[in-house]
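Worksheet: the structure to be examined is printed underneath.
What follows draws every value from the coordinates through simple rules; no lab data is involved. Since we're looking at a predicted model, the values are computed, not measured. As a convention, Cβ positions derive from the backbone with ideal geometry for all residues, glycine included, and neighbour counts pool all protein chains shown.
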Amino acid sequence: MYQKKKRASTLILRWWTWRKFTRTSQLNALDQIKKRRTFLKAQDALTVCLEKFHKIGVQDTNKDLKIIDLLLKTTDPKEWSDFKAGSKTIEHKKFYDCLTILKKNFHFKENQEPLNLLSTIEVESNLLLEYWSEIEKIPISLLPYWESNMDMVQSKARAVIKRNLISEHPSLARINKKTFLENIQEINQNNQIEATIFSENILTIWTEKFQELEAITRKDPRKLNTQEKEFRKSLKKGKVLLSKEFAKQRSHKTIRQLLLSEARPWIDVLQPIWMSNPSLLADHLPMEKEMFDFVVADESSQLLLSHSIGAFQRGAKSIICGDPEQMSPNSYFKKKQEVEMSLLHHAYYHLPKIFLSNHYRSHHPKLIEFSNSSFYENRLKAFQDLSASRNPIQHHFISDGVYLNRQNLNEAKAVAIKIKTEINNPLKIGVVAFSEVQLKLIHDCIDHETRIKLDKRIKDHTAFSHALENVQGDECDLLMISMGYGYNDMRKFEMRFGPINTAGGHRRLNVLFSRSRHEIHFFSSVQLKDFIKSDNPGVLMLIKWFEIMEKPLKADLPNSEISIEQLLQNSNGFYDLLTYVHVYEKRGYTITS
């Protein structure tokens, strides 16, 4: 009895103690204590895991674990086994010992990075090995001339090569610069004729395929075997089905339904080329392996890898085009950015790469100077048009512009006046503002008649009007840009530029300032001197744009004549030479011999 009373009093005391220290007295104390212990054990386990992650170099687990999870999901297990098999820890001492040995055996300059230089040698290793026996014969005394007097060395080498070639092929002696240029121009003309013939032949081939299907439907079934009769019956049924669909005004069958029906052979010959984005392609086309001979992905930096896999499943061969220095597939206004890989990012590390150095859009090198120097290490080659504007970039400084309530009224009015001036210009017009609010204000400042004309031109695709975050893939002849941001009514310039300040903002500027073919008119209420020091990549690129824009341009006009020898020196092979001759002639130059 005493034990029961003691147990009861203990329970009552425990209950009163629980009520005294808890805000949820209705819960069971023992259950909550057990849950608390479980939580503490889990917390201890998590701490141990975090310590292990820190030991292997994972510091920001919130960010890095998402990337690791993505890699685990997207990487083949065989690749992981390869990584494990080849993984070795290289100590810093051993690493620096290797560098010391390299520097001892190679004469590196102060500004040369040993590893970068060796990577270049590795790329050309096959070529070096092929001619190594000849390279060893070069006297060491000649090596200094390669740097101090390279022009003389190249001139002598060309002379020797020319003499050897003529001795082996005497007919080459009869070819001079004039006949060589004439042959190149003739080849270019023939290429254009062949391209026209080739395109006509393609149309003829598909027309003949259609006629073959038609002929099968007209054949006498008594002269066909069982299989041919079935195919004829299927073709006729498919033709009737398509004819009915063409006649309908509504309630059409889906493309997927038609492709899975008897109409498929007719669709294949009527529509041999499909243009789509990955989402629409997944919605409308059946998941059929090698449905197409080629799948070409353009602007692949904008495509998610996870969205694009289905498209390449449907192709026998794939070509992926894109620019790693342009925007990745995300949204400035998306609250939570998920770590997802673009198609281009994946292809860049797993497939052979070809850098396209010839830049044909801009008709003046000044228009591509910002992107070329900031993103492409000046590897792009622009071809100046003889009729191009002397100064294709115009800075319209709006001295009385004020950035107030996320917009700049005076700057918007100046852009509206420029749009009115150019609205009847036959050249394609582009209007871009750094924010949606500023873009809307520009449209509000345009007079009624000009706005109607602009709307019509946008509908006809002879003009476009976008905020900065929506510019990708567009191009125009005449580009008007409104920065909008500037000093507020308190004369304070806050250096906040919306999407430019965010991650990848500098790439938005690369996209924007490479859209124009002929002219850029940049409207701003600030100048280069108004910017203060910043470490934000987007802001730094914007400052560089102002430096290039405000740099005086030489007034020298290009020479209207260009020699075939100049083109030869800049060409990387015969096909490059053919292209250069064609482009320069098209842009008004006379090629001389």
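One table, with the values for the structure above:
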item: Residues S306 and D31, FRET efficiency given R0 of 41 Å [Cβ-Cβ distance, rounded to 0.05]; result: 0.45
item: Rule-of-thumb Rg ratio for region 197-280 [Cα; 2.2 N^0.38 Å; N residues]; result: 1.26
item: Sequence-separation-based contact order of region 416-524, relative, with Cα cut under 8 Å and 6+ spacing, percent; result: 33
item: N149 versus K248: modelled label distance in nm, points set 7 Å from Cα along the beta carbon direction; result: 8.2
item: Calculated FRET efficiency for the pair Y360/D455, C-beta based, R₀ 35 Å, to 0.05; result: 0.70
item: Length gained when the stretch S593-I417 is fully extended (0.36 nm per residue, less Cα-Cα span); result: 58.5 nm
item: Efficiency of FRET from Cβ geometry, R406 and K492, R₀ 25 Å, rounded to 0.05; result: 0.95
item: Principal axis dimensions, largest first and in whole angstrom, of region 358-550 by Cα; result: 47, 44, 28
item: Length-normalised contact order of region 358-550 in % [C-alpha pairs under 8 Å, at least 6 apart]; result: 30
item: Stokes-Einstein D (µm²/s) once Rh is taken as the Kirkwood radius of region 471-593 over alpha-carbon pairs, at 10 °C in 1.306 mPa s; result: 89
item: Summed side-chain charge close to M495 - residues other than M495 whose Cβ falls under 12 Å, Lys, Arg +1, Asp, Glu -1; result: 0
